[in-house]
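What follows is one structure encoded as structure tokens, with my remarks underneath.
What follows draws every value from the coordinates through simple rules; no lab data is involved. None of the values given here were measured: they were computed from a predicted structure. Quick reminder, even Gly has a Cβ in these numbers, built from the backbone with ideal geometry, and neighbours come from all protein chains shown.
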Amino acid sequence: MSIKILTLISVIIFALVGCGTEEGKQDNPENMTSQPINYETKEEQKERTGNKEQSLGEKGGYPQSDQTQMNEGDASGQSDLYTNQTSISITKKLKERKEVIQAQVAVTDDKAIVGVIISPNSPPNMRKIIKQEVHEMVPNREVEVYTDDVYWDRMRNKDAKLDQLNGDMNEFLNEFFNTTRD
């Protein structure tokens, strides 16, 4: 039994010594017969070599970042050219209504454009009510009222009811596309 153990130990020592010398020979560049293989992506190679591309922020940002005089408004300091005392007063008046969640008004020489977000429980003719109210405030201008998706859903449901085909088609189409002109 001691011969078997002694033989086993000597084989293990011989293998370890042999592997150790082979390993040392491979590390020596003079004994290498092949090139080492390195798998990496182009980004990893750029990081490793320090040739990383600059990010957009390091390059100076987007071109529109340098735009000047944007949203400065007119001489009176308003937010844009179509915001004036008339449009501000109309906006305040519309926001006082409980049916109106948000309102924005732009007034030109011949037109008043109103954009409103109305609450879901507002009456179906809320757009016409708002149009009439704004027309009373600026009687010498054409009034356009644009509403949000609540109105669109209401009109789509109206379209689903085919009873509109029996009525005035022009009125229905104008109401559906939100372009009624009085």
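Assorted remarks:
- Charge context of Lys52, other residues only, Cβ under 14 angstrom, K/R +1, D/E -1: -2
- Efficiency of FRET between Lys52 and Gln102 - r from beta-carbon atoms, R0 35 angstrom, step 0.05: 0.15
- Gain on full extension, evaluated as 0.36 nm per residue between Asn125 and Lys93 minus their Cα-Cα distance, stands at 9.7 nm.
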